[in-house]
1. Going through region 13-29 one residue at a time, which ones are open to solvent by less than 60 Å² (accessible area, probe 1.4 Å) and either part of a loop (DSSP other than H, G, I, E, B) or under 16 Å from ASN89 (Cβ atoms) (or both)?
2. Output the residues belonging to region 87-97 that are open to solvent by less than 30 Å² (accessible area, probe 1.4 Å) and either over 15 Å from ILE45 (Cβ atoms) or in a loop (DSSP other than H, G, I, E, B) (or both).
3. Can you tell me how many residues in region 65-86 are farther than 24 Å from LEU152 by Cβ and open to solvent by 40 Å² or more (accessible area, probe 1.4 Å)?
4. Scan region 106-125 and give yes if some residue there is under 14 Å from the mean Cα position of the chain (by Cα) and modelled with pLDDT under 85, otherwise no.
5. Identify all residues within region 120-173 that are open to solvent by less than 30 Å² (accessible area, probe 1.4 Å) and hydrophobic (A, V, I, L, M, F, W, C); write none if there are none.
6. Do you know which of the residues in region 57-77 that are part of a strand (DSSP E or B) and not hydrophobic (A, V, I, L, M, F, W, C) is nearest to GLY39 (Cα to Cα)?
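The values are calculated or read from the model by the stated rules, or taken from the named source; none is laboratory data. As the structure is a computational prediction, the values presented were derived from the model and not from experiment. Backbone-built Cβ (ideal geometry, glycine too); neighbour counts: all protein chains shown. In case anyone asks, the SASA skips ligands and DNA or RNA and just uses the protein heavy atoms, side chains included. Shrake-Rupley method; radii C 1.70, N 1.55, O 1.52, S 1.80 Å.
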Amino acid sequence: MGAILHNPTTGERVRWLLTSAESGGRLVRAEWWARPGGGVAFEHIHAEAEERFEVLSGRMAAEVGGRHIELGPGERASLPPGVPHRWWNAGGEELHFVLEIEPPGNFERAIETLFGLARQGRLRKDGSPGLLQMAVLARELGLEAYPSSPPLPVLRAATAVLAPIGRALGYGI
């Protein structure tokens with residue numbers, strides 16, 4: 001098993017159990033921890049990937065396509081591609097779960113980049129990147145996972161315009 005990566009902004013920790021390289025680009029599996037109240041900062045969509053969760057301990061809540069779900073130890077959820085969602089720790093203790101992304105695309109690199117930016121103090125308090133940083137990330141890593149609003153064509157156009165500005169101002173990954 002790999003080293004545990006830490007995001008000091010959100011308090012999340014992750015350890016890769018199966019990497020994209022190890023699975024021939026088919027799957028990523030990670031062990032994940034989130035402090036009470038911690039989780040994904042904004043609703044997002046995975047364009048082509050299915051995301052699966054299995055809660056080991058704690059309580060996970062999620063908004064999935066406008067529905068609220070909660071999972072406890074031993075419970076699982078599978079989110080198909082194209083469905084807006086976000087998750088968070090809904091309990092008073094640390095949430096511990098296994099996450100799978102299939103196919104993973106640039107998921108590992110995106111998480112490692114975001115956690116690195118957090119360690120450098122370059123993310124907002126909620127763990128999300130600012131507008132120019134987000135544009136640079138989207139340009140470098142693609143829009144495999146993207147915020148559910150504004151619509152994807154608007155995000156693509158904004159990325160095309162804002163990423164070069166962000167790069168010129170020193171934003172990178």
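1. Answer for region 13-29, where residues must be open to solvent by less than 60 Å² (accessible area, probe 1.4 Å) and either part of a loop (DSSP other than H, G, I, E, B) or under 16 Å from ASN89 (Cβ atoms) (or both): VAL14, THR19, SER20, SER23, GLY25, LEU27.
2. Residues of region 87-97 that are open to solvent by less than 30 Å² (accessible area, probe 1.4 Å), as a first pass: 87, 89, 91, 95, 97.
Residues satisfying the conditions are ASN89, GLY91, LEU95, PHE97.
3. 6
4. No: region 106-125 contains no residue that is under 14 Å from the mean Cα position of the chain (by Cα) and modelled with pLDDT under 85.
5. LEU123, ALA135, VAL136, LEU137, ALA138, LEU141, LEU155, ALA163
6. Just the residues of region 57-77 that are part of a strand (DSSP E or B), to begin with: 57, 60-64, 67-71, 76-77.
Pick out the ones that are also not hydrophobic (A, V, I, L, M, F, W, C) and you get 57, 63, 67-68, 70, 76.
Working: SER57: 15, GLU63: 12, ARG67: 17, HIS68: 15, GLU70: 14, ARG76: 17 Å.
Per the stated criteria, the residue is GLU63.
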